[in-house]
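Accompanying notes for the structure given below.
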Amino acid sequence: ATELSPSTVKTYAQVIEKHILIWLGDLPVSTLSTADVTHWQARLVAEGVTPDPRSRALKYLRMLLNYSVLTGYSAANVAARVKMPRVPATEPPRPLSPNSIERLRSSGEPLDLPYAVSLMAYAGLRPQETFALTWRQVGSRAISIRSTKTNRVDSVVMLAPLAADLREWKLQSGMPPDTALVIPRARGTEWTRTAMDNWRKRVFDPACQRAGIVATPYTLRHSFASLLIHAHYPITYVAAAMRHSPAMTLKHYAHVIADLDPSVRIDPERAILEARQELQGNRSIR
């Protein structure tokens, strides 16, 4: 728990309480058997628990039992031999092109919308990282991010258009102090999960409709990974930028890699600037 953020610890605790302890909490760890774990999974199925939470529950039980082996409470991890539930395949993320992202950035109020979109689409920040970002974390060439999942601090190199966006936004915001949020709440308080959900419903989703695109805030993060892949950066570089393992990056973006034309390299910064110039030109024609 010392290596995880409070929100991740809370998520783990909820699954452990709801799906593990209620069924297995009375059994001594040293006597737990593979049969017990198999029977527990069958009971979850009978209770109507869907594959995804059953899979997470088994994963967390394996983590708990690994710790029990390390600390001498049991001789083996009996859950390791139980097959993981088959989770239905999800639709792979469909990244947006810079042209679509730029349409989204220019599709309405409030004034901070373009800059929140830039942080997610051109630096790969998660929504919760975007709304927790302070000006102290923004350097001239990189952003320091404390992961909301692992609590680890990583550095994300900024693309030139994003760096220019943030300089513009800071000046427009009246040069706020380093402690101020880059994307502040109207009330001047910290963003909560409810506030972020409301931002998506009231600001982001209507902006997507006006821009004529279908997207979630996480689509923007996937779009950043796609930009790096189409620039032919090594998977290790993409993984570091996304703050993933290389294996997870390959798993999530296999469809992007499969569609890649090895003879065509798209420069991310040039693609963004060209999309902005095209959008500006269309506005001028109107």
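The values are calculated or read from the model by the stated rules, or taken from the named source; none is laboratory data. As the structure is a computational prediction, the values presented were derived from the model and not from experiment. Here the Cβ is made from the backbone with ideal geometry for all residues, glycine too, and neighbour counts use every protein chain on show. To get the accessible areas, we keep the full protein, side chains included, count just its heavy atoms, and leave off ligands, DNA and RNA. Shrake-Rupley method; radii C 1.70, N 1.55, O 1.52, S 1.80 Å.
Would you tally the residues in the stretch 97-114 being open to solvent by 40 Å² or more (accessible area, probe 1.4 Å) and not basic (Lys, Arg)? So the answer is 6. The residue pairs whose first member lies in the stretch 97-112 and is within 22 Å of Ala180 (Cβ to Cβ), whose second member is open to solvent by less than 20 Å² (accessible area, probe 1.4 Å), and whose beta carbons are closer than 6 Å, counting only pairs six or more residues apart or on different chains, are Arg105/Val117; Asp112/Ile183. In the condition set (1) more than 17 Å from the chain's Cα centre (by Cα); (2) free of Cβ contacts under 8 Å to residues at least 60 places away in the same chain; (3) farther than 24 Å from Leu227 by Cα, Gln172 is compliant with all but (2). Just one residue in the set Val45, Val9 is under 31 Å from the mean Cα position of the chain (by Cα), on the phi < 0 side of the Ramachandran plot, surrounded by 14 or more Cβ atoms within 10 Å (Cβ to Cβ) and not basic (Lys, Arg); that residue is Val9. Output the residues belonging to the stretch 115-146 that are more than 13 Å from the chain's Cα centre (by Cα), part of a helix (DSSP H, G or I) and surrounded by 20 or more Cβ atoms within 10 Å (Cβ to Cβ). Scanning the stretch 115-146 gives Tyr115, Ala116, Val117, Ser118, Tyr122.
Can you find a residue that is in a loop (DSSP other than H, G, I, E, B) and either at pLDDT 95 or above or not hydrophobic (A, V, I, L, M, F, W, C) (or both) anywhere in the stretch 54-71? Scanning the stretch 54-71 turns up at least one residue that is in a loop (DSSP other than H, G, I, E, B) and either at pLDDT 95 or above or not hydrophobic (A, V, I, L, M, F, W, C) (or both).
Candidates are the residues of the stretch 84-96 that are open to solvent by less than 50 Å² (accessible area, probe 1.4 Å) and touching a residue at least 60 places away in the same chain (Cβ under 8 Å); the one that is nearest to Leu162 (Cα to Cα) is Leu96. Within the stretch 90-113, the set of residues being over 18 Å from Trp191 (Cα atoms) and in a helix (DSSP H, G or I) comprises Pro98, Asn99, Ser100, Ile101, Glu102, Arg103, Leu104, Arg105. Residues that are out of contact with any Leu (no Cβ under 8 Å at 6 or more places or on another chain), open to solvent by 50 Å² or more (accessible area, probe 1.4 Å) and more than 13 Å from Ile16 (Cβ to Cβ) within the stretch 53-82 comprise Asn66, Val69, Leu70, Thr71, Gly72, Tyr73, Ala75, Ala76, Arg81, listed in sequence order. Quick test of your reading of the structure: Arg210 fulfils all but one of (1) among the basic types (Lys, Arg); (2) closer than 17 Å to Pro92 by Cβ; (3) surrounded by fewer than 19 Cβ atoms within 10 Å (Cβ to Cβ). Name the failing condition by number. Of (1) among the basic types (Lys, Arg); (2) closer than 17 Å to Pro92 by Cβ; (3) surrounded by fewer than 19 Cβ atoms within 10 Å (Cβ to Cβ), only one is false for Arg210: (2). Taking the criterion of being without any contact (Cβ under 8 Å) to a residue 60 or more places away in the chain and either closer than 15 Å to Tyr122 by Cα or of a type in the set (A, V, I, L, M) (or both), the residues of the stretch 241-253 that qualify are Ala247, Met248, Leu250.
Every residue, every condition in (1) assigned to a loop (DSSP other than H, G, I, E, B); (2) within 15 Å of Leu159 (Cβ to Cβ); (3) open to solvent by less than 30 Å² (accessible area, probe 1.4 Å), yes or no:
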site: His232; (1), (2), (3): yes, no, no
site: Val238; (1), (2), (3): no, yes, yes
site: His244; (1), (2), (3): yes, no, no
site: Ala247; (1), (2), (3): no, no, no
site: Leu250; (1), (2), (3): no, no, no
site: Val256; (1), (2), (3): no, no, yes
site: Val264; (1), (2), (3): yes, no, no
site: Glu269; (1), (2), (3): no, yes, no
site: Ile272; (1), (2), (3): no, yes, yes
